[in-house]
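Colleague: Handing you this structure, nothing more for now.
The values are calculated or read from the model by the stated rules, or taken from the named source; none is laboratory data. Because the structure is a prediction, the values reported are computed rather than measured. All Cβ positions, glycine included, derive from the backbone under ideal geometry; neighbour counts span all protein chains shown. The area values use the complete protein model at the heavy-atom level, side chains included, leaving out ligands, DNA and RNA. Shrake-Rupley method; radii C 1.70, N 1.55, O 1.52, S 1.80 Å.
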Amino acid sequence: MILAPVEEKMWEKSPSKTRAKTSAIEINDKYESREKRILTEINREKLPSFVEALSKNPKYMNLRPFYQRRARWDTKMQSRLIESFLINIPVPPIILYEIDYNSYEVMDGQQRITAIQDFYTNKFALTGLEIWPELNKSKYNALSAKIRAGLDRRSISSIVILRESTSDPEEALFLKQKTFERLNTGGVDLSQQEVRNCLYYGEFDSLLIELSRHPIFAAAWGIPIDDDSPELSKNTLYKKMEDAELVLRFFALRNVEHFRNGMEGFLDLYMMKSLDFKEQDIEFLKDVFLQTINLAHQIYEENLFKPFAPKSGTWEKKPYKAYYDATMVGFSRHLHESEKLIAEKSKIIAETKKLFDRHESRLLTGEGRTKADIQERIKIFDEMLSQVIGE
């Protein structure tokens, strides 16, 4: 298996821990020591001061849109927030994570912050107001002096999770993830990859999004290739960032021998470790993905990632995630034999059809979620390729 240098070493950093049975006294001691307890502080700031702080110091608050490819709040929802401030309806506090002195990441409330900032900078006019319909079509600078003064008296609250919560970097990321997940159990239902996109944003996360728009990959999963297509925002895989998660699965499962904590937990762990990837690691991984997806497509073409149905003698109409895992990881192990594989294209297709006549094919269509099951489905496909080219 071709791994990036960083991948070969990164698993040494956090060996799996086996937990011994803990006594009641030890549990009490752990609680009293404040282990795994989050430290917070609460702040309140007038809306004009809050917007001014955002504009003056770009490092004050990381307002990178969590959902890079989709807008969650439209102008009507933003307007309702401003109306809530006008009539003094309590607005939930934003949740911030301290990354440095006077520098924060937004864990919950990005849409509220954006709405406040956009209204105060006259980027949208109010619309859809229920209690103050008279103010519809008004921007901030068009409000009367009295109404502006009333709005300016309102405050936004924030709860800050302090860095002192833990000194261990990996433990800090774990607490950060659990905090974010539990804050987002209501409201917009976030997918696990959207959570990862927020918490582990970096060069590797950007790579996942870039590769998920690769024409071969997108077409194989039925995702519109044109970024301007109106159908794109309706596509379930795209909307929930499950396309980016599929790319992540490929990279993570190349390290399947380190699989633990179930699929979601293993993907979380890989994303956590990806924060240490350097530019050369990113370029290496990008090249491996591109070589693999191009090779797989040259073999299977329009049937890429679609299992074969022996009873009907046809390929399935939709791709399967489990078969995708086996196909991509399998081909990535034979990139050095690409020319041989392409030359044996017809034989590979014939042998693939035979795979789905075997009892073990259930693993290729999604049955089995254990480490052993995942390793076996990859092994089945890998061995088929090896036999075809006579390795």
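Colleague: Can you name the residue in the range 63-91 that is open to solvent by 60 Å² or more (accessible area, probe 1.4 Å) and at pLDDT below 90 and, of all such residues, is farthest from Gly128 (Cα to Cα)?
Modeller: Per the stated criteria, the residue is Gln68.
Colleague: Among helices (runs of 4 or more DSSP H) lying entirely in the range 193-271, which contain 3 or more residues that are open to solvent by less than 10 Å² (accessible area, probe 1.4 Å)?
Modeller: Of the helices (runs of 4 or more DSSP H) lying wholly inside the range 193-271, those with at least 3 residues that are open to solvent by less than 10 Å² (accessible area, probe 1.4 Å) span 203-212, 242-253.
Here's the yes/no breakdown for (1) surrounded by 15 or more Cβ atoms within 10 Å (Cβ to Cβ); (2) at pLDDT 75 or above; (3) in contact with a strand residue (DSSP E or B) (Cβ under 9 Å, 6 or more places away or on another chain):
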| position | (1), (2), (3) |
| --- | --- |
| Met10 | yes, yes, no |
| Ser14 | no, no, no |
| Glu26 | no, no, no |
| Leu39 | no, no, yes |
| Asn57 | no, yes, yes |
| Pro93 | yes, yes, yes |
| Asp100 | no, yes, no |
| Tyr104 | yes, yes, yes |
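Colleague: Just to be sure I understand, how many residues within the range 122-160 are within 25 Å of Asn43 (Cα to Cα) and touching an Asp or Glu at 6+ places or on another chain (Cβ under 9 Å)?
Modeller: 6
Colleague: Helices (runs of 4 or more DSSP H) wholly in the range 304-358 with at least 1 residues that are farther than 21 Å from Val247 by Cα and out of contact with any Asp or Glu (no Cβ under 6 Å at 6 or more places or on another chain) - which ones?
Modeller: 338-343, 345-355
Colleague: Collect the residues in the range 354-365 that are surrounded by 15 or more Cβ atoms within 10 Å (Cβ to Cβ), farther than 23 Å from Asn255 by Cβ and not small (Gly, Ala, Ser), keeping them in residue-number order.
Modeller: Correct list: Leu355, Phe356, Thr365.
Colleague: Sticking with this one: Looking at (1) open to solvent by less than 50 Å² (accessible area, probe 1.4 Å); (2) closer than 23 Å to Phe217 by Cβ, which one does Gly368 not meet, given that it meets all the others?
Modeller: All conditions pass for Gly368, except number (2).
Colleague: Taking the stated definitions as given, is Lys345 modelled with pLDDT under 95 and over 26 Å from the mean Cα position of the chain (by Cα)?
Modeller: no
Colleague: If Asp152 passes every condition in (1) modelled with pLDDT under 95; (2) in contact with a Pro (Cβ under 6 Å, 6 or more places away or on another chain) but one, which one does it miss?
Modeller: Only one criterion in (1) modelled with pLDDT under 95; (2) in contact with a Pro (Cβ under 6 Å, 6 or more places away or on another chain) is unmet by Asp152, namely (1).
Colleague: How about the range 262-299: which of its residues are closer than 16 Å to Asp325 by Cα, free of Cβ contacts under 8 Å to residues at least 40 places away in the same chain and over 19 Å from the mean Cα position of the chain (by Cα)?
Modeller: Scanning the range 262-299 gives a single hit, Ala296.
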